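Written below as structure tokens is the structure these notes are about.
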Amino acid sequence: MFNDIGPLELVTIVVIAVLVFGPDKLPKMIQDVARTIRKIREFSESAKQDIRNELGPEFKDFEFEDLNPKTFIRKQLDNDDLGLKEIRNGFDLKKEMAEVTDAVHGRESESSTSSSASSGPTGTVDMTKKPTSTDPDERPPFDADAT
């Protein structure tokens, strides 16, 4: 519960508690706080157990931590029933990015040259920017989809 409290912070809390409550009332206050925390934990465990009993035996392995969306998604993605690991392992991002870069710069990548050599002549799309000659008085064309 208090895993992220360091020793200096703990000493600061103790000094402030001694100053606020005094050395004679401090042990009683610590007991009251500990008792309250214990009751809250017992109440939450009792509520969890009641919910598990009401859900029935179908949800015997239900964990309340799964209600956190990050935990739920991580658990579902780790599940190998969907075959996502094969898809993830079969996807090479560096190769895909190199192919896109080669296409933008007008170069043919290794995979496209091997596939075009085996399948015969195919048309390629030239994606390089070509300068267009326009008159200085002529307005550029208006593209309604671009605005």
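Quick notes on this one:
- Over all other residues within a Cβ to Cβ distance under 15 Å of Q49, the charged ones net out to -2, with Lys and Arg as +1 and Asp and Glu as -1.
- Portion, in percent, of the accessible area of the stretch 29-76 that falls on carbon or sulfur, probe 1.4 Å: 60 percent
- Over the stretch 1-80 - Rg/Rh using Cα atoms and the Kirkwood inverse-distance radius: 1.19
- Cα-Cα over 31 Å, subset of K48/K70; K70/K94; K28/K70: K28/K70
The values are calculated or read from the model by the stated rules, or taken from the named source; none is laboratory data. On a predicted model such as this, the values are computed, not experimentally measured, just so you know. We place every Cβ from the backbone using ideal geometry, glycine too, and count neighbours over all the protein chains shown. Areas reflect the complete protein model, heavy atoms only, side chains present, ligands, DNA and RNA absent. Shrake-Rupley method; radii C 1.70, N 1.55, O 1.52, S 1.80 Å.
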